[in-house]
Each structure stands twice: as C-alpha cells, then as structure tokens.
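Right, one structure below, let's go through it.
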Amino acid sequence: MKGVLNRTRNDYTIIIGCGRLGASIANTLSDQEKNVLIIDSNKDSFRKLNPSFGGLILTGDATDLGVLKEAQIEKATLIIAVTNNDNTNIMLSQLASEVYKKQHIIVRLYDPERKDVFNGSSIDVICPFIMSLNEVTEIIDMGTVEEVIV
Ligand code: AMP
C-alpha cells in the first residue's frame, strides 16, 4: 500500500463489486471483525458472501452518487474498487480521491495499459495480468520449468 494505513476501531472499508475478489476481501475483513460495507448493482452477487458475513450490503450502482452517500463514503477509511469494469473502477477511485479526499484506495484494473493513469497518485493499483505475468516469469527463472515444448 502506498500510504501507511493505521487500523483503528474507526476503520470503515467500502468494497465496490461483490465478485469473487470483492466477496473474498469482504469475508476476510468480516472474519477479522472489521467494519465493512460491500456494494453491488446485482443483489444475486451477495450470495458469494459467507453466511457468517457480519458487514453491511448495499444494492445499487456505485457510479450513482446517491448510492455512495447511502454507503456513507465520507466516513470510509479505505475504498476498494473491484467491479468488473476498468472504467468504473478508475472513475470511482478518482472520485474517492479527488472529491472525497480519501487517502487509502485500492483499484483493480484488468487492462495493464491503463495502470499508467495512476502514476504519481497515492492510489494502489492491482493488475491480475501483471501479477500473473510476474509469477510465470519467476517460475521460469527459477528453472522449475524443465522443458519448453515449441
Ligand atoms: P467479478 O467480475 O466476479 O469480479 O464481479 C464484479 C462485480 O462488480 C459483479 O458482481 C458486478 O455486478 C459488480 N459491478 C459491476 N459494475 C458495478 C457498479 N457500477 N456498481 C456496483 N457493482 C458493480
């Protein structure tokens, strides 16, 4: 994380997108007894949450400012934008940073070429493509791939 996140009892994480990643993060934070709210435009997505999930859920399109207000974004200490749409994630993370002045934001981007949008910003970007590429390269470099068939 680019900034130091000091966890306190006032922690309040908003996760946007209850896909596999968003739901897993929400379940983990809930297990750690953190305050968490997860937003998704599709109420069926919340089925991915554990039955023991102790956070809040909010059905709605997170690009709607009314939904973010309902989520009490002004109180959030961490925003995680993990919808399946890079444009939405970029827009939400920039809104959280520039309008709501959030210090801790994590955004997922599928398209590695769009990562540069965040150069010089305090927003943390996770890019599954780059992570996978790095892992594969590391495995190859370690020499555990004995034979490459072409
Ligand atoms: P996945 O592709 O499994 O990571 O899931 C992404 C999730 O993001 C899905 O459950 C979508 O319904 C959700 N999603 C996509 N766009 C929005 C949006 N604008 N607001 C809230 N949730 C969204």
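Bear in mind that the values in this text are calculations on the coordinates, not laboratory data. Keep in mind the model is a prediction, meaning the values are calculated, not measured. Virtual Cβ from ideal backbone geometry, glycine too; neighbours counted across all protein chains shown.
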Considering segment 59-90 alone, what residues qualify as being among the aliphatic types (A, V, I, L, M) and surrounded by 15 or more Cβ atoms within 10 Å (Cβ to Cβ)?
62, 67, 68, 71, 73, 76, 78, 79, 80, 81, 82, 90
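Out of the residues in segment 49-58 that are surrounded by 14 or more Cβ atoms within 10 Å (Cβ to Cβ) and not β-branched (Val, Ile, Thr), which is farthest from the ligand (Cβ to nearest atom)?
54
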Which residue out of 90, 80 is β-branched (Val, Ile, Thr), within 15 Å of the chain's Cα centre (by Cα), closer than 20 Å to residue 40 by Cβ and not in a strand (DSSP E or B)?
90
Scan of segment 14-40 for residues that are surrounded by fewer than 20 Cβ atoms within 10 Å (Cβ to Cβ), within 10 Å of the ligand (Cβ to nearest atom) and either among the aliphatic types (A, V, I, L, M) or assigned to a loop (DSSP other than H, G, I, E, B) (or both), ordered by number:
19, 21
Identify all residues within segment 79-122 that are in contact with a Cys (Cβ under 6 Å, 6 or more places away or on another chain) and either farther than 15 Å from residue 22 by Cα or of a type in the set (Lys, Arg) (or both); write none if there are none.
112, 115
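Please find, within segment 69-88, the residue that is nearest to residue 26 (Cα to Cα) out of those that are within 12 Å of the ligand (Cβ to nearest atom) and without any contact (Cβ under 8 Å) to a residue 24 or more places away in the chain.
85
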